[in-house]
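Student: Below are the structure tokens for one structure; questions will follow.
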Amino acid sequence: MRVIAGKARRLQLKTLPGDNTRPTTDRIKETLFNMISGDLYEINFLDLFAGSGGIGIEALSRGASKAVFVDNNRKACEVIKTNLNTTHFTDCSEVMCCMATEAVKRLSGKEKFHIVFMDPPYGKGLELKVINEPAFIDILEDDAIIIIEADLDTKVELKDCLELRLVKEKLYKTNKHIFLEKI
């Protein structure tokens with residue numbers, strides 16, 4: 001896995017050994033960042049269920065001013081820190097080793113984000129737990145974009161969350177990106 005574009009272009013990133021995480025492929029990452037490239041400059045980026053941190057690091061490389069990485073796996077947090085050292089982004093990042101809903105609660109009232117990316121384990125509904133966390137809306141800028149990487153069968157029901165709306169879904173062969181925005 002590598003950084004595709006920007007300041008850290010071509011730098012190799014470490015990943016967690018084993019198959020507990022699914023790093024986003026370079027092709028899908030490139031497609032995603034082509035879609036959001038105009039929204040990245042000098043923003044705060046939140047990478048939930050960050051794994052190796054590849055998505056948040058790509059955002060920093062392409063112009064985000066700060067990224068917060070959240071994962072509840074201690075080994076993943078160590079890999080993220082290693083990758084931040086490799087890419088020289090330690091000064092503009094924070095790593096939180098906790099559950100995503102706990103991170104949202106801790107960040108509430110302290111920080112706001114323009115883009116939130118989440119890539120939770122598939123089929124467990126964890127993205128809905130984050131979205132339905134009352135503090136979630138509080139950490140979003142008024143024009144925030146939320147991107148969920150999910151399997152093709154995932155449906156995001158927003159009936160209980162009146163502050164968000166579904167914008168689009170980008171389908172790939174085995175997964176998809178769901179785009180929401182704060183209204």
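Every number in this text was worked out from the coordinates using simple rules, so none of it is lab data. Just so it is clear, the structure is predicted and the values come from calculations on it, not from any experiment. Every residue, glycine as well, gets a Cβ built from its backbone with ideal geometry; the counts of neighbours run over all protein chains shown.
Student: Give me, ordered by chain and number, the residues 5 or more places off Val167 or on other chains with an amide H under 5 Å from its own placed amide H.
Tutor: Counting only residues 5 or more places away or on other chains, the set is Phe179, Leu180, Glu181.
Student: Amide H of Phe113 versus every other amide H placed in the peptide plane: which residues, excluding those fewer than 5 positions away on the same chain, fall under 5 Å?
Tutor: Close amide H contacts, sequence-distant or interchain: Leu140, Glu141.
Student: In addition: Quick check on the chain: of the DSSP beta bridges with both residues there, what percent are antiparallel, nearest 5%? List each step's numbers first, then the result.
Tutor: Values: 15 of 34 bridges.
Just about 45 percent of them are antiparallel.
Student: So how strong a dipole does segment 52-127 carry about its Cα centre when Lys and Arg Cβ are +1 and Asp and Glu Cβ are -1, to the nearest 20 debye?
Tutor: Dipole size: approximately 160 debye.
Student: Order of 165-172, 107-114, 68-75 by packing, highest average Cβ count within 10 Å first?
Tutor: Working: 165-172: 12.8, 107-114: 16.2, 68-75: 20.0.
Per-residue Cβ counts within 10 Å, averaged per peptide and sorted highest first, yield 68-75, 107-114, 165-172.
Student: I'd like the Karplus ³J(HN,Hα) series for segment 9-17: coefficients 6.51, -1.76, 1.60, θ = phi - 60°, whole numbers in Hz, and an x wherever there's a Gly or Pro.
Tutor: 3, 6, 5, 7, 10, 7, 10, 6, x
Student: Nearest 10 degrees is fine. How inclined is helix 74-87 to the longest principal axis of the chain, computing both from alpha carbons?
Tutor: 60 degrees
Student: Output the relative contact order of segment 51-183, whole-number percent, from Cα pairs under 8 angstrom with separation of 6+ residues. Please report the intermediate quantities before stating the final value.
Tutor: On the way: 213 pairs, mean separation 24.5, N = 133.
It rounds to 18 percent for segment 51-183.
Student: For each cysteine in the chain, check whether another cysteine's C-beta sits under 4.7 Å from its C-beta; list those where none does.
Tutor: Unpaired cysteines in the chain: Cys92, Cys98, Cys161.
Student: Let me have the 222 nm mean residue ellipticity of the chain computed from DSSP H runs of 4+ only, each contributing -39500 (n - 2.57), with the sum over all residues rounded to the nearest 500. Don't skip to the answer; put the middle values down first.
Tutor: Working: 6 runs with 52 residues, N = 183.
Per the formula, -8000 deg cm²/dmol.
Student: Farthest toward the dipole's positive end in the chain, which of Met99, Leu128, Leu60, given Cβ charges of +1 (Lys, Arg) and -1 (Asp, Glu) about the Cα centre?
Tutor: Leu60
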